[in-house]
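Reviewing the structure listed below.
The values are calculated or read from the model by the stated rules, or taken from the named source; none is laboratory data. Note that this is a predicted model, so its numbers are computed, not measured. Cβ placement follows ideal geometry from the backbone for every residue including glycine, while neighbour counts extend to all protein chains displayed. Calculation scope for accessible area: heavy atoms of the full protein, side chains included, ligands and nucleic acids excluded. Shrake-Rupley method; radii C 1.70, N 1.55, O 1.52, S 1.80 Å.
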Amino acid sequence: MLKGTLVCSVCFCFVLFCRNVRRFFPNSNCEVEGLPGNSKVRGVNLGGWLVVEGWIKPQLFDEMPNRDMIDGTEVQFRSVTLHKYISAENGGGMKITVDRDSPSSWETFRLWRVSSSEFQLRTSQGHFITCDVKDGNVSATASMPSLTETFYIERNERNRVHIKHVISGSYLQASTSNNITADHHGVPGWDDNAATFEMIIVSNLIHGDYQLANGLGRDKAKQVLTRHRNSFITWQDFKFLYKHGINTVRIPVGWWIAFDPNPPTPFIGGTLEALDNAFSWAQLYDIKCIIDLHAAPGSQNGMEHSASRDGSTSWPMYISQTLYVIDFLASRYATHPALLGIELLNEPSAATVPLDTLISYYKQGYQIIRKYSSTAYVIICQRIGNADPIELYNANIGPSNLVLDLHYYNLFDSYFVNKTPAENIQFIFNNRQPQLQALNDLNGPLVFIGEWVNEWNATNSTQLDYQDFGEAQLQVYDAASFGWAYWTLRNAEPHWDFEWNIRNNYLKLSYSQKTPVIKGVLWFILACNFYIYNAL
């Protein structure tokens, strides 16, 4: 009788412990509905696949003519006779001059590519250089470009250029009065003459879907992207992920997927079929999918992964179109057994997306997903830049299965420049861990580290340094109440490449797959029961 009473008492205590395990051990494994074994997300991003990022796979741009002059490239022009720069004073709205000894934003123009040799020139304030065909006056006064704002840019091997107006056929030239006019007739030579300029490429950083498709042209882009989508991610990758304990993939998509197979120019269809394949492969290997709207119409952050044409951001003007995309994705995949959740927007910029606008969008997106599913997780992403993740906790976006996505990189900030491996690792424990703990303890969304990587700015790092850095991140991020996802499965940069990290022993997933607290306690109680029973 005593034995049975003691055993039952221990079991009762165990039941109470199970009911309160998150209260006493907030970092312990919690359940994410729909995952095998009620575990948390241990995921990998399929970045660079259905949304192009040139740095992930640079060879996509290999066949492009004039690939250093793609959409968004920043250029400056210096007269070879006046030794001064072409300038759109105040960012445009008036005549163009050639009167600046040194360049800044007014003297910097962003290319809109029409063909490999035809371009439109956008000022820092969004005006386009235009030409009056009658008198040859050149100004930066057009709000939208057409043929009148289109110029041939001819260049030689020394990066000297001639700028020819497409309609009039006249070349731009600098006058001794520091004006610029389109009235040079005939073909100028490459010597020092008024119609010749030095072109300086200031930046060429945006290599996304827009640049690729518009730069290659529709037929060639379709050929390149079809080959890429069929080979970059395959069913063998899902087998590899399953083998190494990954239970979720986060799949970035662009807004044009909702218009497949014939999306608006210049985007190329085929991403919807690829996403369907991913869901089938995921189901085969008991892996769940998070659909992540990585590129929204108008661009939410001006970066290549948001399919910005020239680095500008106008997404707040396209919220209704974005909600249409969310409705399309939710209606198509809500009942698919492999769906875990839908992320409403990736990395909105704090500088250009107001918080109240973002919260309103998130609330509407939440309701759309709930039309089709009561259980799919709705994932919201914090703003990047000067923003605190706590700003979304009191927004009352939705009552159930809401997840906040945080992106943790020891990169992209001057703070991390020249930090040692030890300092990087200490930052994970001293800064990231307390923030995660505090967010976990709040009565709000679950926490998801949707992007992180085993890379840093620390130079001369050894393999052991990387292993320690990976271990620290896995240990800390595994405490996130929803889980984590590595950026990214495959990458031209090896330390960003999840598969490379695993195969070369730079990242050891066993660090993140320790015996859960609940399982350890169960073994302890069973051992106690065995000891008590045999002692009496």
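Side notes on the structure shown:
- Under the condition of being open to solvent by 10 Å² or more (accessible area, probe 1.4 Å) and in a loop (DSSP other than H, G, I, E, B), the residues counted in segment 36-51 number 1.
- Of the strands (runs of 3 or more DSSP E) lying entirely inside segment 374-452, those containing at least 3 residues that are over 22 Å from P354 (Cα atoms) are 446-451.
- Of everything in segment 91-112 that is more than 24 Å from T176 (Cβ to Cβ) and in contact with a Phe, Trp or Tyr (Cβ under 7 Å, 6 or more places away or on another chain), the residue that is most open to solvent (accessible area, probe 1.4 Å) is W112.
- Odd one out for G54, checked against (1) within 22 Å of N204 (Cβ to Cβ); (2) surrounded by fewer than 21 Cβ atoms within 10 Å (Cβ to Cβ): (2)
The rows are residues; the columns are (1) at pLDDT below 95; (2) under 21 Å from the mean Cα position of the chain (by Cα).
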residue	(1), (2)
L355	no, yes
L358	no, yes
K363	no, no
S373	no, no
Y377	no, yes
C381	no, yes
P389	yes, yes
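- In segment 460-516, the residues that are open to solvent by less than 40 Å² (accessible area, probe 1.4 Å), at pLDDT below 95 and closer than 24 Å to I56 by Cα: S461, L509
- For T265, the conditions (1) of a type outside the set (A, V, I, L, M, F, W, C); (2) in contact (Cβ under 8 Å) with a residue 40 or more places away in the chain; (3) buried (at least 16 other Cβ atoms within 10 Å of the Cβ); (4) not in a helix (DSSP H, G or I) are fulfilled apart from (3).
- Boolean, S203 is among the polar types (S, T, N, Q) and open to solvent by 30 Å² or more (accessible area, probe 1.4 Å): no
- Sub-7 Å Cβ pairs linking a first residue in segment 242-257 that is open to solvent by 10 Å² or more (accessible area, probe 1.4 Å) to a second residue that is among the small types (G, A, S) and modelled with pLDDT under 95, at least 6 apart or interchain, are N247/S39, ordered by first then second residue.
- Filtered residue count, segment 453-472, keeping only those that are under 22 Å from the mean Cα position of the chain (by Cα) and either in a helix (DSSP H, G or I) or not assigned by the TED database to the domain that holds N505 (or both): 1
- Screening S168 against (1) assigned to a loop (DSSP other than H, G, I, E, B); (2) open to solvent by 20 Å² or more (accessible area, probe 1.4 Å); (3) touching a Pro at 6+ places or on another chain (Cβ under 6 Å) leaves a single unmet condition, (3).
- Of all the listed residues (S308, S331, S314, S373), the sole one being surrounded by 24 or more Cβ atoms within 10 Å (Cβ to Cβ) and polar (S, T, N, Q) is S308.
- Extreme residue, farthest from V138 (Cα to Cα), among residues of segment 206-241 that are open to solvent by less than 10 Å² (accessible area, probe 1.4 Å) and in a loop (DSSP other than H, G, I, E, B): I233
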